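Take a look at the structure set out below.
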Amino acid sequence: MASLKEVKTKISGVKKTAQITKAMNMVAAAKLRGAQEKMEAFRPYAAKFDEAMSNLSGGANTTGFPLMEVRDEKTVELVVVTSDRGLCGSFNANIIKLALVKMAEYEASGKKVSFVCVGKKGSQALKKTGLVRKSYRDIMSNFQMYNAREIATDVAAEFLSGATDKVEIIYGQFKSVAIQRPEVSAILPVQPKSGASSTEKKFSGDYIYEPSTEEIMDVLQPLYLNVIVYHAMLEVGASEHAARMTAMDNATNACKDMVRNLTIVYNKARQAAVTSELMDIVGGAEALK
Amino acid sequence: MGQQIRLEVVTPAGAKVNEDVDIVNAPGFGGDFGVLANHAPFLSTIKIGTLTYENGKKREALMVSGGFCEVSNNKITFLVESAEKGHEIDVDRALKAKERAEKRLAQAAQQIENFNRKRAEVALQRALARLKVANTK
């Protein structure tokens with residue numbers, strides 16, 4: 001049995017860990033609120049943008065736009081968005097796992113795969129594959145639209161030059177505080193929106209367009225890429241904090257369990273010590289008789 | 001006081017302006033345009049530049065970067081990637097961005113491929129627009 005002192009040090013150590021995890025839990029909760037507000041703020045912009053895109057692309061043909069060009073898929077690029085920091089449970093691991101599954105899938109069908117990593121965790125994990133074309137590190141803690149723009153422009157340039165035929169983005173979708181799920185969605189070629197119903201088109205027909213719808217699309221499409229990338233980053237930002245909150249809550253609970261068990265061990269050891277001391281005294285007194 | 005039009009400027013970071021104004025002047029694709037109350041439905045892309053609006057005697061300027069605007073039902077909505085008022089602009093950052101873009105363009109003359117050149121040009125435009133709005137304040 002462990003000595004009294006050993007158990008005591010262990011208990012105080014575990015208690016200190018619990019304090020840290022508790023604090024991290026609270027920090028994550030506060031940051032989650034910030035991230036969710038950012039998402040809320042972005043929603044009207046994204047909604048309006050979607051509306052305009054579907055209005056415009058309803059009638060437009062897809063052949064004229066280089067960003068919409070559907071080619072024979074020989075090379076696929078995966079943009080993997082993860083967090084910069086760890087200690088958030090299996091959140092990043094799940095995203096990376098999905099990325100690797102996708103990679104295996106594409107490679108099995110004879111396509112070449114490359115990665116663009118956003119967030120440090122993803123780039124660390126995927127470095128081993130040797131397929132990382134570019135990584136953006138340490139931007140997840142405080143990113144703005146221009147960070148998303150930088151990534152989107154770069155990806156679009158690769159696509160336009162013909163180096164990649166298809167681009168997908170993998171990120172952790174924020175379902176709720178308890179659930180975050182890795183998701184894949186397509187970026188390039190830009191998908192024509194099918195949501196445009198005939199009524200909407202009639203409505204948009206009343207507009208004066210300056211310049212023509214085609215030219216407006218030309219301007220809007222790169223911006224739309226930014227919206228997709230920014231959206232994924234926002235989702236990952238919120239998911240990261242939510243995942244960390246849960247993970248740290250679990251850790252705090254585990255610490256409490258450990259302290260409880262260790263206290264029992266400690267008390268048992270203490271009792272054993274007292275008993276053996278008593279036995280000694282009784283034995284000594286007996287001998288003196 | 002004549003009729004007014006509702007102006008909304010929406011950016012990824014939330015709504016920036018939401019008020020009734022007399023006139024809006026914006027940098028459109030084919031040049032600047034003004035919109036008054038009860039304008040016909042209209043859709044245009046927006047270039048990097050200065051958006052101004054007047055409300056009574058008050059006149060405000062905003063730096064806007066790429067996006068588009070939509071006029072319908074006596075409401076004008078701008079969807080832009082960023083919109084900044086003069087006092088919100090980080091002049092140092094804009095100056096640095098300007099220098100960087102200029103440097104890149106100078107060497108670009110020889111080698112840099114088309115795409116990077118365009119990127120630098122856009123960055124330069126943004127920086128100049130920011131500085132312009134910041135200075136009017």
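The values are calculated or read from the model by the stated rules, or taken from the named source; none is laboratory data. Just so you know, these numbers come straight off a predicted model, no measurement behind them. Each accessible area value is taken on the protein alone, full model and side chains, heavy atoms only, with ligands, DNA and RNA left out. Shrake-Rupley method; radii C 1.70, N 1.55, O 1.52, S 1.80 Å.
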Problem - For the pair A and B, total buried accessible area rounded to nearest 100 Å², probe 1.4 Å - result: 2400
Exercise for the section: Please give the residues from the stretch B:23-42 for which the solvent-accessible area of heavy atoms, probe 1.4 Å, is smaller by at least 30 Å² with all protein chains in place than with the chain isolated. Expected result: B:F29, B:P41, B:F42
Exercise for the section: Any chance you could tell me what percent of the C-alpha pair distances in the stretch B:10-137 go past 27 Å? Expected result: 24
Completion exercise
chain A: antiparallel bridges as % of DSSP beta bridges, rounded to 5, reads 35
Handout entry: Rg/Rh (Cα only; Kirkwood hydrodynamic radius) as it applies to the stretch A:123-180
Key = 1.01
Handout entry: Cα radius of gyration and Dmax for the protein assembly as shown (Å)
Key = 29.4, 116
Completion exercise
Excluding ligands, DNA and RNA, the carbon-plus-sulfur percentage of the accessible area of the protein assembly as shown with a 1.4 Å probe reads 53
Fill in the blank from the handout: Here the tail fraction of P(r) beyond 16 Å, over all Cα-Cα pairs of the stretch A:1-112, rounds in percent to 80
Exercise for the section: Any of B:K85/B:K118; A:K38/B:K75; A:K31/A:K74; A:K121/A:K166; A:K166/B:K118 with alpha carbons more than 31 Å apart? Name them for me. Expected result: A:K31/A:K74
Fill in the blank from the handout: Helix A:145-160: inclination vs chain A longest Cα principal axis, degrees, rounded to 10, gives 60
Problem - Residue-normalised accessible area of chain B, given per residue in Å² at a 1.4 Å probe - result: 51
